[in-house]
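Comments concern the structure below.
The values are calculated or read from the model by the stated rules, or taken from the named source; none is laboratory data. Worth saying up front: this structure is predicted, and the values here are computed from it rather than measured. Cβ placement follows ideal geometry from the backbone for every residue including glycine, while neighbour counts extend to all protein chains displayed. The accessibility values were calculated without ligands, DNA or RNA, using every heavy atom of the protein model including side chains. Shrake-Rupley method; radii C 1.70, N 1.55, O 1.52, S 1.80 Å.
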Amino acid sequence: MEQRIKGTTGLMMLIGSPVGHSGSPAMYNFSFQHHGLDYAYMAFDIKEEQVADALAAMRLFKMRGGNVTMPCKNEAARQMDELSPAARIIGAVNTIVNEDGKLTGHITDGIGFVRNLQEHGVEVKGKKLVVLGAGGAATAVQVQCALEGAKAITIFNADDPFLDRARSTAEKLKTEVPGCEVKVFCLDGQEKLREEADADILVNATLIGMKPHDGQSLVTDKSIFRPDLVVADVVYNPMETKLIKEAREAGCAKTIGGSGMLLWQGAAAYKLFTGLDMPTDEYQEYQKRCEDGADGK
Ligand code: NAD
């Protein structure tokens, strides 16, 4: 550490609350060290009403950039000088790039989702997707897939306040990406889901499947699982959700969990900060060594 941090070292930051559990500092600091870049990445517990001060600090300390997590993503978007197309449609940012005081906000969750599918040989262009959910992760997935040329997206959400958000996303996409047909349904049974599941890709982007909901899946009618239906989950804790396990056991040829999305959304931010490809293989090997205890973590 005393050799890494020098008088010239540039700071980058994660803001949000809580941030203590975040894997981002380890991932970015590993990558900076790997590439010999003179940056250090720290996490700061910042509440929504402190976002303006944090962004002023970003400019004052000439930080190259940073990441934003809940509950600061929407407020940060409101305070950007510029927004990427996806960040503008969603109204949220998770990545900020600072070009001489001009802050541009991006949202890389959807980019990470699409890249994770590509890593498994699946393209979204021209495809029909069914997406369960309308919260932060689901909206990012829906908007990015539409921007990347998906033919149709059907959104299902439970009858809760997020259902209105699904309708609002559909309205925005109608104007922003008219080539993508977006439909919204309330998830109040399996019948409509079965009808719409003639799709190419089915995605769970809800909290269901994540601890403590890990014993649950929103797809209970297993006749929905066809061998050529790609089934993806954004949930990465546990690594294999009930949905992914049941789809795999029912014979779906491609079942894709959420940990890759997490890695690739970070890699997309790293590319925006540095112009370089994040050393994802090396970082995953390092993580594995840490889990095995070899790095004395
Ligand atoms: P959110 O709070 O914004 O949205 C919650 C969603 O879950 C809504 O659609 C809501 O309707 C649905 N939901 C909640 N309880 C439900 C229930 N009982 N039945 C049916 N639906 C229910 O949450 P979020 O930030 O979008 O996170 C959702 C999941 O995505 C989490 O597991 C999170 O860890 C994961 N995530 C993964 C990545 C990644 O990189 N892999 C990135 C972001 C979020």
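Taken together, LYS183, LYS211, LYS222, LYS192 contain a single residue that is touching a residue at least 12 places away in the same chain (Cβ under 8 Å), surrounded by fewer than 16 Cβ atoms within 10 Å (Cβ to Cβ) and within 11 Å of the ligand (Cβ to nearest atom), which is LYS211.
Scanning region 50-62 for residues that are open to solvent by 90 Å² or more (accessible area, probe 1.4 Å) and either basic (Lys, Arg) or in contact (Cβ under 8 Å) with a residue 24 or more places away in the chain (or both) turns up PHE61, LYS62. When the criteria are applied in full, GLU176 fails the requirement of being open to solvent by 60 Å² or more (accessible area, probe 1.4 Å), without any contact (Cβ under 8 Å) to a residue 40 or more places away in the chain and either of a type in the set (D, E, K, R) or touching a Pro at 6+ places or on another chain (Cβ under 8 Å) (or both).
Of the residues making up region 148-174, those that are farther than 17 Å from VAL203 by Cα and either among the hydrophobic types (A, V, I, L, M, F, W, C) or assigned to a helix (DSSP H, G or I) (or both) number 8. In region 82-89, the count of residues that are closer than 25 Å to TYR236 by Cβ, open to solvent by 40 Å² or more (accessible area, probe 1.4 Å), in contact (Cβ under 8 Å) with a residue 60 or more places away in the chain and not acidic (Asp, Glu) is zero. Among the residues of region 63-81, those that are of a type outside the set (A, V, I, L, M, F, W, C), part of a loop (DSSP other than H, G, I, E, B) and open to solvent by 50 Å² or more (accessible area, probe 1.4 Å) comprise ARG64, GLN79, ASP81.
When region 231-255 is filtered for residues that are open to solvent by less than 20 Å² (accessible area, probe 1.4 Å) and over 16 Å from LEU218 (Cα atoms), only CYS252 remains.
Cβ-Cβ distances below 8 Å connect the following pairs, each with a first residue in region 109-133 that is within 17 Å of THR255 (Cβ to Cβ) and more than 9 Å from the ligand (Cβ to nearest atom), a second residue that is hydroxyl-bearing (Ser, Thr, Tyr) and modelled with pLDDT of 95 or more, and a separation of six or more residues or different chains: LEU129/THR154; VAL130/THR154; VAL131/THR154. The set of residues in region 253-279 being over 20 Å from TYR28 (Cβ atoms) and not in a loop (DSSP other than H, G, I, E, B) consists of THR255, ILE256. Answer yes if at least one residue in region 283-295 is crowded, with 17+ Cβ neighbours inside 10 Å and assigned to a loop (DSSP other than H, G, I, E, B), and no otherwise. Scanning region 283-295, I find no residue that is crowded, with 17+ Cβ neighbours inside 10 Å and assigned to a loop (DSSP other than H, G, I, E, B), so the answer is no.
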